Amino acid sequence: MKTPKMRGQAFIIFKEIQSASNAVRALQGFPLFDKPMRVQYAKRDSEEIKALMGAQAEKVKKPQRKLDGLTEGEPKAKQKSKGSTALANMAMIQGTGEMPPNHILFVMNLPEETTEQMLQMLFAQFPGYKEVRLVPGRNDIAFIEYEDDEQANAAREAMQGFKITPVAPMKITFAKK
């Protein structure tokens with residue numbers, strides 16, 4: 001990827017999550033060419049990872065989203081009248097009716113072998129991390145607490161869809177207040 005947008009970026013693949021987590025912690029802020037490194041997990045699996053998992057690496061076109069439910073043929077006056085529902089519709093677009101921001105994250109779709117230590121290693125790398133709470137009797141969900149909403153949102157955006165195992169991407173929303 002040699003585009004101006006990708007300049008100065010690198011993607012590194014690790015065989016184990018533990019190794020990747022250690023590298024993120026060790027290299028975060030490390031000075032390289034007089035600038036601190038910013039290290040984070042990739043948002044999606046690379047083509048190589050998909051190929052290793054045996055899945056066909058096809059590029060799927062993303063459906064176009066309509067903002068405010070408008071179509072191209074509607075007059076501008078009608079478009080402006082719909083502005084009052086813009087915030088509600090934006091919430092629907094961003095996460096299919098997700099909860100308002102909260103300092104506690106609700107993590108779903110976790111594999112059964114997930115432990116508190118695994119989640120702590122993944123989420124403690126983000127500023128403001130407080131604690132992980134697993135739900136007794138439910139291995140597939142957890143709560144992650146941060147000091148404030150912005151810090152929780154940063155962690156949510158970075159870890160959304162992260163796969164602890166090759167088959168189950170995490171689904172992260174804000175917890176109910």
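The values are calculated or read from the model by the stated rules, or taken from the named source; none is laboratory data. On a predicted model such as this, the values are computed, not experimentally measured, just so you know. Neighbour counts are summed over all protein chains in view; Cβ atoms, including those assigned to glycine, are modelled from backbone coordinates with ideal geometry.
With respect to Ala168, determine if the residue is in contact with a helix residue (DSSP H, G or I) (Cβ under 6 Å, 6 or more places away or on another chain) and farther than 21 Å from Ala23 by Cα. Quick ask: steps written out before the conclusion?
On the way: in contact with a helix residue (DSSP H, G or I) (Cβ under 6 Å, 6 or more places away or on another chain): no; farther than 21 Å from Ala23 by Cα: yes.
Considered against the rule, which asks whether it is in contact with a helix residue (DSSP H, G or I) (Cβ under 6 Å, 6 or more places away or on another chain) and farther than 21 Å from Ala23 by Cα, Ala168 comes out as no.
How many residues does the range 107-152 contain that are charged (D, E, K, R), over 26 Å from Ala26 (Cα atoms) and part of a strand (DSSP E or B)?
Matching residues across the range 107-152 total 2.
Looking at Ile49 and the list (1) among the β-branched types (Val, Ile, Thr); (2) at pLDDT below 80; (3) outside any helix (DSSP H, G or I); (4) surrounded by 11 or more Cβ atoms within 10 Å (Cβ to Cβ), which single condition is not satisfied?
The single condition Ile49 does not satisfy is (3).
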